[in-house]
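Asks: Following this message is one structure expressed as structure tokens.
Please treat every number below as a calculation from the coordinates, not as lab data. Everything numeric here is computed off the predicted structure, so don't read it as measured data. Backbone-built Cβ (ideal geometry, glycine too); neighbour counts: all protein chains shown.
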Amino acid sequence: MSRHASGLMAWLIQRASAVYLALLLVYLLIHFTFYAPTDHAALVAWTQHPLINGALLLGIPLLLAHAWVGIRDVLIDYIHSLALRLSLLILCAFLLITTGLWLFKAIITAEFQP
């Protein structure tokens, strides 16, 4: 992939994920404002609905991709030392991957609650 196509792909990922995440955030804000769950069991039941579960599970990789592109671009633009930039990119990648795995586990575990 050429350098220009790589930049275009990052731009598309950033914009597409931003649109989805904005729509998901608006939905969540409206839902929790007007139909807030009364207890933990109601919240778990809400997350077990297939559409909600799918939307949340799709939102995780999109959130991580959005964060990765943004952090990567900032580090590439403002950290000039290659060793420091690479170290920070590895640290950010590790943090994003572990956060994503934790979020997947939380949503999938909630799905199998009695």
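Asks: When the residues of region 44-70 are narrowed to those that are part of a helix (DSSP H, G or I) and without any contact (Cβ under 8 Å) to a residue 24 or more places away in the chain, which ends up farthest from the chain's Cα centre (by Cα)?
Replies: Looking only at region 44-70, we keep the residues that are part of a helix (DSSP H, G or I), and these are 44-47, 50-70.
This time we only want the ones that are without any contact (Cβ under 8 Å) to a residue 24 or more places away in the chain, so: 45-46, 50-52, 54.
Working: Ala45: 22, Trp46: 20, Pro50: 19, Leu51: 17, Ile52: 15, Gly54: 13 Å.
The qualifying residue farthest from the chain's Cα centre (by Cα) is Ala45.
Asks: Looking at (1) part of a helix (DSSP H, G or I); (2) out of contact with any His (no Cβ under 7 Å at 6 or more places or on another chain), which one does Ser17 not meet, given that it meets all the others?
Replies: The failed condition is (2).
Asks: Take the residues of region 75-90 that are assigned to a helix (DSSP H, G or I) and exposed (fewer than 12 other Cβ atoms within 10 Å of the Cβ): which is nearest to the chain's Cα centre (by Cα)?
Replies: Ile90
Asks: What are the residue pairs meeting all of these: first residue in region 9-36, first residue more than 16 Å from Thr47 (Cα to Cα) and touching a residue at least 60 places away in the same chain (Cβ under 8 Å), second residue in a helix (DSSP H, G or I) and among the β-branched types (Val, Ile, Thr), Cβ atoms under 9 Å, and 6 or more apart or on different chains?
Replies: Filtered contacts from region 9-36: Ala10/Val69.
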